[in-house]
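The values are calculated or read from the model by the stated rules, or taken from the named source; none is laboratory data. Predicted, not measured: the structure shown is a model, and the values here were computed from it. Please note: Cβ atoms are built from the backbone with ideal geometry, for glycine as well, and neighbour counts cover all protein chains shown. Ligands, DNA and RNA are stripped out before the accessible areas are found, and what is left, the full protein with its side chains, is counted by its heavy atoms. Shrake-Rupley method; radii C 1.70, N 1.55, O 1.52, S 1.80 Å.
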Amino acid sequence: AGIASGTPSMLHLEDEEWEKMMHVNTTSCFLAVKYAAPAMMKINEGGSEEEGRQRSAKDASNGSIILTASVAGLRSGAGPVHYSASKAAVNSIAQSASWNLRHSNIRVNSICPGLIETGMTATMFEMARQRGTAQKIGQLNPLGRYGVAEGKEVV
């Protein structure tokens, strides 16, 4: 889960907008790790049949948790302050959780995609096209361009 907002300046950012961004983008990741890790630590020796399904044996704690952050959480100016802060916090959760779970054989990583054209970013893309600045979108990414969701054509 994740949300973005077009509020460009922290001087015009409402407290409620900050709290909502942090709750959706950051608290959701915290809760995912908090509840997924204990489930991954459970050991199921010998397997069993549960509700007509065969469960396989699991003799050790293990797993992989992948959180979605953003390049906006890595560098200044890549997004509004509350979005960038929330994604930086996701990266910090991944690092801290990795340390906390270091003896459990559970890996925690975050991925940091650049700007992707999706429904969530449609307004920003449309505004850039109207201003004639669409060619600048994604120029800070290593490939020098933005990403396009699979199955979506670039307009």
(message) Just to be sure I understand the rule: take each whole DSSP H helix in the chain, project its Cα atoms onto its long axis, keep it if the span is 18 Å or more and its mean Kyte-Doolittle hydropathy is at least 0.0. Which ones pass?
(response) 28-41
(message) Once neighbouring chains are kept in place and the probe is 1.4 Å, which whole percent of the accessible area of the chain is contributed by carbon and sulfur?
(response) 55 percent
(request) Quote the relative contact order of the chain in percent (integer), defining contacts as alpha-carbon pairs under 8 Å separated by 6+ residues. (result) 21 percent
(message) How far apart, in nanometres, would the label points at ASP15 and MET127 be if each is projected 7 angstrom from Cα along the Cα-to-Cβ direction?
(response) 2.5 nm
(message) If you only keep lysine pairs separated by 8 or more in sequence, or across chains, how many in the chain come under 28 Å at the Cα atoms?
(response) 9
(message) As a test, work out the antiparallel percent of DSSP beta bridges whose residues both lie in the chain, rounded to the nearest 5.
(response) 35 percent
(message) Over the chain, with a Gaussian network built from C-alpha contacts below 10 Å, which listed residue (ILE93, ILE43, ILE106) shows the highest mean-square fluctuation?
(response) ILE43
(message) Taking 0.36 nm per residue of sequence separation and subtracting the Cα-Cα distance, how much length would be gained by fully extending the chain between ILE43 and ASN141, in nm to one decimal?
(response) 31.1 nm
